[in-house]
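K.L.:
Just passing along the structure, written as structure tokens.
Quick note: the coordinates plus some simple rules give every number you see, no bench work behind them. Every value quoted in this text rests on a predicted model; they were computed, and no experiment measured them. Here Cβ is always computed from backbone atoms with ideal geometry, including for glycine, and neighbour counts include all displayed protein chains.
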């Protein structure tokens, strides 16, 4: 048992608790909705959470450093509009260049946030509340009330949402879903195996200690914002691909959805703890609830939001209860280990060499 | 021999304060150099200059005889200068190995976890401590966290290690372990700058002692040439009479009886009585459950079994408000985090627990009365501050502790629980706090004194209760309680090899 | 200015009585000074910009020496923002008329009352004040009762004579015009001629692309035998069509409703949305401007039976609004129904005017 | 209050706000003859009166170290409850009482999870934001409920005392009460102490949970009251009433110098921030600057209000160093 304590943290087990909550939800909805257990349900939910997952991943990077980015809704809108505009002007543009434009544009807006937070020393919530309005305002001026429509887009882009990466039976893994999962895995690997990733945790975990340890905290926070902006840019491109019609109000409100996904996924809003998989599961919990409620018979349009809010609260609460139990279990093990120092050191020398 | 690090003619001024005034300081390889001084003497400023957090206004720093400039913490590390603090700066969300290596500027961008664990285990083994490199820092005790910091310094091949009051929060046993580590480092030729307010420790570990006062160097001598009284006189600039003051008092009637008090998994079967005017000392290792008994009596973490009988009537204490209403006060061991609201004024801190006393008929706080109370305590406990409206966070440790004491004395308690009341405060202030304790007992207050400073407990207490791993090991009278008796009880029989 | 107004009003009232006696339409006198505000539901959306374009056209035609301001709130703050703009306008001396596409339901009532109390002319367009109290006139883009019939006809035309089951994907639950259209659709369906059509459900996409897209797919999953999604909102119809296209459902579930040709071009050509309808927002702005100008200059009164000429759009007669208990309206009309034959012409930049002449009349 | 370092820095913040406010007011006067008219000044407040009433309690909640994202939904819910009950034939007076009660209930729900279960308030009130709005939708569905009794509509629209309508009177009274409570009462002291350090407060015998619960209940009741006043001003209620107000409300509080991390802020600063935002918006409306341009200006102001003092400080530091090196 001591061994488990050393290798796994309660926070890691909590992600299993999220899977447990997802399973509970799926079991519940299965009794309510005919034909719920089908590949189609999976496909629908997967496709619907792809964009928000990418955004939540970016948000997680920023939250880990004890900051927040409320401007990503506007970044998504602006990036998707800008990329759409470039594509319509230049139909032959290589797809990768188009994606690059969206990501680069998002990174640019993200770096403005980051510079203001890091070098302007303005609290992140103030900066991003401000840029939330500013980016949107500039977009409205820039767009001159013109809409990006599907007929302006090259065919590959319009068809992209339909393209499967691969299929398992009737389960389809769409390109967009693949991109989202890829982002999560790639960034999770970065968080685990890159020095940079660990430093992201360090800064959020104890900013004073990070300063004393000589970590380049400012550059790392700036980078987190740039990456968050870049992922919002990628999200914007996915938005363009999925919805085709882009007005200046594209992406309004996505910032709160992304924060909600991260927080439900156990990313500590005060920094230092949380994983990409957590953010993914958070997005999936909310997406499953939303999509399932939409399909639930006899649930009026007008009851849906009330239920959704209730379910999210229950998910957060049960998650907290589970985590608390795990933590106290861990603490008890730690105490037992201390109270029997002899046994403890024996066990430790077991893997000390 | 050439010093590793030499500070020449260093001065540093802040608005209104001359923190360092043409200071000279040398650190030689393989020596433990103790730096003494009251709070405000300039020790912290010197450390911050050595670690690159502050830049000196004038003077120069020589490393191996070459002048260097330390612009920030990273550069200091680059020069092999590392520091550990009283409150270790660990990353609670990272594990031990990561904490050791996080600040390293290694080549390559990747974390090789296997290698990192291997090297962490290696370093921990070299230090001779049993600590799992994989466990998360959040659950570690203060002593373990300090070990991590020392391991970090070792991994950086630090040639200069600054230890800023590392023992303040440690129990005697842990202090001993820390000193063993320190000796290991000394053998390796590391220069150690050691800061502590505990005289015994200085004499045990230091090779050389330098005293600062008011930003100036007063003396610097090998340990053999100094005496305790001489050092203290250098520090405070005057002669200090009896160190531990405790006058004999008449003990009054029984005030508190605790019977079979327990809290599952924390402590059990605690039995003791406290009379009016009695100081009951609580000794034991950090983590033995002494603080938990205090917290149970104060209702922060209520006990789940046993009886608390206060002045003859049995009480269920469920919350601090309730404890306060029953005349119990608790002065916490963690004065910065739990004792004070640092950004608020001294006056507001003092009045906080008894704020209801200061309300006018319409519920507005009467500032005049609040101010009068604060001024009263400022005089009574000689809190040194330009104004009682100053932020509590700006005070020195000793003065902060006096504010915490004031705030609880102002609730007019009958039972005062003091948890490490002199931790991290300088000798002058410490003597003052001891004097206050003596006075309060003289006025008939019952006092529960939890302290890891063994000489302090022995000197201040009428009787001493020793705890070990949540168990009460015994209560000793003042006459029978010697260091050996108490330590044996605190350690259990098998630890007789420990010397203090 | 006030005095000259008074004389003008007397003169025009006299001429008006003459004119109406002859039962002829009042023609606007160009060159008068009327400061006007055109207030869309929110800024940044193509259709409202087109309405602005039409108003500018009329503004130039009538050589109005006053100003035409195009003011609007943000989408997130639409209702409260409209109240704010109207209230501020009411306290300004230099505003004579407000033309508003209401997005705040009856909540705009008190603010508009204040504007009327300040002698400002209030004309609603696109979306009226449901209670009808606090406006002078509503310029309806089409006959709201007709909208239901047009939608039902499109449904029949897409599904064939055998009819079928369909669902409505609307904007937000409290959008007044959408609700009126849906009510009219439900009424129309009572008719024998449409007995083969069955309305399964009404859902709301809040005029947000993501929500509308998800709602459309949820409808498909919920009602496996549904053959058509009718979306009387430009955001909803485009999102629903894209959703069907992305899921390869265009063969089984068609999309129709009210949409912009430019946004629907692809979907009409590939058969996902074979037929949809809309009116010209440019014309709507144009007619609204004329009506407001005439009312504000006192050339006409907002009374039943009054006729006026609105430039190139011809003659309109003010009538009682049958879709509301109180309120006067003119109906611009007609619907333009778009399909594979005419959608390209309407969508290409040269066709931005989208005059009814260029399209088949509904 | 006697001087202390923190107080000085706050004063600097307030001075900055006051200077900007003065500039905006002078600019408005020079640009529009309407600005100083009494009806415009009343309008200036009335157009955002519901938000600025909620700003007062939000100030306390943020100083307490928490947040309440659900206020806008509670505003909407309060209005919808009243409208729904009135529509069913309940008397308006009783409906208003129930509406306030429902607000209190929302506050109790938020407060329970935050204070007693210790869930992060951001998550709890985000869920509340969705759920309370959802309940409002259940009550009002796709309708717009109006035709309230005349006295009710007049309360929201007509002057009560001099030129001041009821809600403006309520705002001024609440402002004074909140200023007194926050800065001069024991409760206000507890709010600050808990915001600075929840645990230290608990160790000092402060009833942390009760204080937090109290704040959330106040937030619920006041938000509901504001929603009802909103209904009276607009004369009709829809499910989307007050939707999206929460970010505007929080923006004003932060602009007022209240720290998002709790423990710091004054009601004077928030008062200045309210005036600044109102005058700025009114001035822009009078100049026909609307829509996103307006929110962009507010956004820039929000960032610059913190950025400029910081940059000035940096510049001063840089200048001092230069001078020192020169010496």
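K.L.:
By DSSP, what percent of the beta bridges with both residues in the protein assembly as shown are antiparallel, rounded to the nearest 5?
P.N.:
DSSP beta bridges in the protein assembly as shown are roughly 50 percent antiparallel.
K.L.:
In whole Å, what three semi-axes, largest first, describe the equivalent ellipsoid of segment D:45-266 built from its Cα gyration tensor (square root of 5 times each eigenvalue)?
P.N.:
With the √(5λ) rule applied to segment D:45-266, the semi-axes are 30, 19, 14 Å.
K.L.:
Another one. In chain C, what percentage of the DSSP-assigned beta bridges are antiparallel, given to the nearest 5?
P.N.:
20 percent
K.L.:
Give me a single rounded figure for A:134-142: the average over its residues of other chain Cβ atoms within 10 Å of their Cβ.
P.N.:
So the per-residue partner count for this stretch is 6.
K.L.:
Here's a follow-up. Measuring from label point to label point, each 7 Å out along Cα→Cβ, what is the residue D:116 to residue B:356 span in nm?
P.N.:
For the pair residue D:116/residue B:356, the computed spacing is 2.2 nm.
K.L.:
Also, I was wondering about something else. Which FRET efficiency value, to the nearest 0.05, is calculated for residue B:228 and residue D:88 with the Förster distance at 60 angstrom and r the Cβ-Cβ distance?
P.N.:
With R0 = 60 Å, the Cβ-Cβ based efficiency is 0.10.
K.L.:
Could you tell me, in Å, what Rg and Dmax come out for the Cα atoms of segment B:5-236?
P.N.:
Values for segment B:5-236 (Cα only, Rg and Dmax): 17.7, 55 Å.
K.L.:
Between segment B:51-94 and segment C:319-344, how many Å separate their Cα centres?
P.N.:
That distance is 78 Å.
K.L.:
Enter the Cα centre distance for the pair segment D:40-60 and segment A:219-292, rounded to the nearest angstrom.
P.N.:
32 Å
K.L.:
Now a separate question. Which whole-number percent is the relative contact order of chain B (Cα, under 8 Å, 6+ apart)?
P.N.:
Relative contact order comes out at 16 percent.
K.L.:
How do B:456, B:307 rank when sorted from fewest to most other Cβ atoms within 10 Å of their own Cβ?
P.N.:
Sorted ascending by nearby Cβ count, the order is B:307, B:456.
K.L.:
Here's a follow-up. I'd like the FRET efficiency for residue B:316 and residue C:24, computed as 1/(1 + (r/R0)^6) with the beta carbon distance as r and R0 of 60 Å, rounded to 0.05.
P.N.:
Given R0 = 60 Å and the Cβ-Cβ separation, E is 0.05.
K.L.:
Right, something else. Highest mean first, how do A:198-205, D:30-37 rank when packing is the count of other Cβ atoms within 10 Å averaged over residues?
P.N.:
A:198-205, D:30-37
K.L.:
For chain B, what D do you get in µm² per second when you plug the Kirkwood radius from alpha-carbon pairs into Stokes-Einstein at 10 °C and 1.306 mPa s?
P.N.:
For the chosen part, D equals 65 µm²/s.
K.L.:
For a quick check: sort D:39, B:93 by the number of other beta carbons within 10 angstrom, fewest at the front.
P.N.:
D:39, B:93
K.L.:
So what are the radius of gyration and Dmax for the Cα set of segment B:256-301, in Å?
P.N.:
Over segment B:256-301's Cα set, Rg and Dmax evaluate to 10.7, 32 Å.
K.L.:
Hey, another quick one. Provide the packing ranking of A:251-263, B:173-185, i.e. peptides ordered by the mean count of other C-beta atoms within 10 Å per residue, highest first.
P.N.:
Listed from highest to lowest mean packing, they are A:251-263, B:173-185.
K.L.:
Calculate, for residue D:39 and residue B:439, the FRET efficiency according to 1/(1 + (r/R0)^6) with r their C-beta to C-beta distance and R0 51 Å; round to the nearest 0.05.
P.N.:
0.15
K.L.:
Given a cut-off of under 8 Å on Cα pairs at least six residues apart, what relative contact order in percent is computed for segment D:49-157?
P.N.:
The normalised contact order for segment D:49-157 reaches 36 percent.
K.L.:
From other protein chains only, count the Cβ atoms within 10 Å of every residue's Cβ in B:118-125, then give the mean.
P.N.:
Mean partner shielding for this stretch: 2.
K.L.:
Could you check the simple spin-label distance between residue C:198 and residue B:471, using points 7 Å along Cα→Cβ, in nm with one decimal?
P.N.:
Each label point lies 7 Å from its Cα, and together they span 7.9 nm.
K.L.:
How far, in nm, would the chain grow between residue C:119 and residue C:326 when pulled straight, counting 0.36 nm per residue and subtracting the alpha carbon separation?
P.N.:
Taking 0.36 nm per residue and subtracting the Cα distance, the gain is 72.5 nm.
K.L.:
In addition: What area, in nm² and to one decimal, does the C-alpha convex hull of segment B:254-495 cast on average over all directions?
P.N.:
About 13.3 nm², averaged over all directions.
K.L.:
Segment D:66-144 to segment B:305-344: how many Å between their Cα centroids?
P.N.:
Using only Cα atoms, the two centres lie 38 Å from each other.
K.L.:
Now, a different point. Taking the number of other C-beta atoms within 10 Å as the exposure measure, put B:54, B:377, D:132 in order starting with the fewest.
P.N.:
Fewest-to-most Cβ neighbours within 10 Å comes out as B:54, B:377, D:132.
K.L.:
In peptide A:297-307, what is the residue-averaged number of other protein chain Cβ atoms found within 10 Å of each Cβ?
P.N.:
Taking the mean over all residues of the peptide, I get 6.
K.L.:
Related question: When N counts the residues of the protein assembly as shown, how does its alpha-carbon radius of gyration compare numerically with 2.2 N^0.38 Å, as a ratio?
P.N.:
1.03
K.L.:
If you don't mind, another one. Among D:113, D:13, D:151, determine the one that fluctuates most according to a GNM of chain D built with springs between C-alpha atoms less than 10 Å apart.
P.N.:
D:151
K.L.:
Something else about it: Any idea what log10 I(q)/I(0) is at q = 0.10, 0.12, 0.13, 0.14 Å⁻¹ for chain C, Debye with uniform C-alpha scatterers and no solvent?
P.N.:
Debye curve over Cα of chain C, log10 I(q)/I(0) at q = 0.10, 0.12, 0.13, 0.14 Å⁻¹: -0.61, -0.86, -0.99, -1.12.
K.L.:
What Kirkwood radius, in Å to one decimal, follows from the Cα pairs of segment D:272-322?
P.N.:
About 12.6 Å, per the Kirkwood formula over Cα pairs.
K.L.:
If you don't mind, another one. Over the Cα atoms of segment B:84-171, compute the convex hull volume and normalise it per residue, giving Å³.
P.N.:
Dividing the Cα hull volume of segment B:84-171 by its residue count gives 95 Å³.
K.L.:
Using packing as a proxy for protection, rank D:245-257, B:189-201 so that the peptide with the highest average count of other Cβ atoms within 10 Å comes first.
P.N.:
D:245-257, B:189-201
K.L.:
I would also like to ask the following. What is the extension gain from residue B:55 to residue B:203, computed as 0.36 nm multiplied by their sequence separation minus the C-alpha to C-alpha distance, in nm to one decimal?
P.N.:
Gain on extension, residue B:55 to residue B:203, equals 50.1 nm.
K.L.:
Based on the alpha-carbon gyration tensor of segment A:70-165 and its eigenvalue square roots a ≥ b ≥ c, which shape applies: rounded if a/c is under 1.5, prolate if not and a/b is larger than b/c, or oblate?
P.N.:
Here segment A:70-165 falls in the prolate category.
K.L.:
Could you list the square roots of 5 times each eigenvalue of the Cα gyration tensor of segment A:2-345, that is, the equivalent ellipsoid semi-axes, sorted largest first and rounded to whole Å?
P.N.:
35, 28, 18
K.L.:
Under the definition of Cα pairs under 8 Å and six or more residues apart, what whole-number percent is the relative contact order of segment B:254-495?
P.N.:
29 percent
K.L.:
Can you tell me what share of the DSSP beta bridges in segment B:5-236 is antiparallel? A percent to the nearest 5 is fine.
P.N.:
In segment B:5-236, approximately 55 percent of DSSP beta bridges are antiparallel ones.
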